[in-house]
C-alpha cells in the first residue's frame, strides 16, 4: 500500500461529514480533487470503504474500521509536528473546544491567560446549542466542551469552573419586583430558548415542577435573541444572570423574584472519559486546575 497523508485527510473528512461537498469545503479543495484522492485511496483496498447512493456517502463497516486507524495515524502525525515545536521549548498544537451559547460569557476568561502564555497554540472554539456541543463531543471532534447541564448518556471527566444562576428576568416596564402566584406570571408571555439548549431544559424542568402549564410562549434560537425580546417588552424569561450584567447595571432589565428561583447549575469543562489527551490538552487541564479559583474570583 502506498497511500499519502492527503488521502488519509480526505478520507477522514468524508467519513466525518458523509459528504464529498462538505469535505471539500473543510479542506479548501475542489470536489473533483477530493473525489480523485478518495478514489486513489479506495483503489488500495480489495473491499469497499464507502458507497455513494445519489449524493449521499455511506461508509461501510470495513470503512469505519479503516477510519479508526486513519484517525490514529493523523493524530500521531500531528503529535510529531507539535512535539518538535515543544522540544524547542514552545508548547504547540490545536486546542479544540465546543461551548454552549451562554458559555461565550465564561469560556474566554478561562482561555485568555493560557493563550497568552502559549503563543504556539491554535484555538478552535465553536459556540452553539447544547445538543450540537454534545454531538461533536461524542464524535470526538473536540478536546473539551463547556456545559452547564451534564450529559446523562455520555461518560465524561469534568472540572467544575463556577456556578451558573438563572433568574426570572423582565424589563423595566414590568412593575412587579416579585411574582407571588401563577396568575401574575400568566399576565406575561414566557420567552423560551429553542429545544436542545441547556437553558430550555432548565426552564422546562422548573415549569413542570411548579405546574405552570398554560403559559403563553415565544421560542427564540439564541440567548442574545431572548435578551433583546425581553428588553423590547415581548415577555419575561428565565435566563442566566451571567450574560446580563450591562443591562441590569443600566436598569433596562431586572430580576423578578419568584419562589423556587434562582436555579443554580454549574459550568463544567468536560471531556470524554478515557480520551487520549494531546500535549496541549493536558497542559490546559493543568492550567485550569491551578488557576480556576483565581479566574472565578477575578472576573465573576
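Values quoted throughout were computed directly from the atomic coordinates according to the rules given, and no laboratory measurement underlies them. Keep in mind it's a predicted model, so treat the numbers as computed, not measured. Ideal geometry is used to build each Cβ from the backbone, glycine not excepted, and the neighbour counts take in all protein chains shown.
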In nm, what is the difference between 0.36 nm times the number of residues separating residue 68 and residue 201 and their Cα-Cα distance? 44.5 nm
Computed FRET value (nearest 0.05) for residue 52 with residue 175, which takes r as the C-beta separation and R₀ as 45 Å: 0.10
How are the alpha carbon pair distances in the range 177-300 distributed across 5 Å bins from zero to the largest one, expressed in percent? 2, 8, 16, 19, 16, 12, 10, 8, 6, 3, 1, 0
Can you give the translational diffusion coefficient of the chain in µm²/s, computed by Stokes-Einstein from the Kirkwood radius over Cα pairs at 20 °C and 1.002 mPa s? 97 µm²/s
Taking Cα atoms only, helix 223-232 is inclined relative to the longest principal axis of the chain by an angle, in degrees rounded to 10, of 30 degrees
Among beta bridges assigned by DSSP with both residues in the range 165-264, the antiparallel ones amount in percent, to the nearest 5, to 60 percent
Output ordering of 173-185, 126-138, 217-229, 60-72 (per-residue mean of other Cβ within 10 Å, highest first) is 126-138, 217-229, 60-72, 173-185
Simple SL model, points at 7 angstrom along Cα→Cβ for residue 132 and residue 163; separation in nm is 3.1 nm
Go ahead and estimate [θ] at 222 nm for the chain from helices alone: -39,500 (n - 2.57) per DSSP H run with n ≥ 4, summed, over the residue count, rounded to 500. -13500 deg cm²/dmol
Simple spin-label estimate for residue 257 and residue 40 in nanometres, 7 Å along Cα-Cβ: 7.2 nm
Label point 7 Å beyond Cα of residue 231 along Cβ direction - residues of the range 238-263 with amide nitrogen under 14 Å: 243-254
Scattering from the C-alpha atoms of the range 160-216 alone, worked out with Debye: what is log10 I(q)/I(0) at q = 0.18 1/Å? -0.74
Pseudo-spin-label distance residue 187 to residue 81, built 7 Å along Cα→Cβ, given in nm, is 6.2 nm
In terms of the ratio Rg/(2.2 N^0.38 Å) built on C-alpha atoms, what value belongs to the range 222-270? 1.23
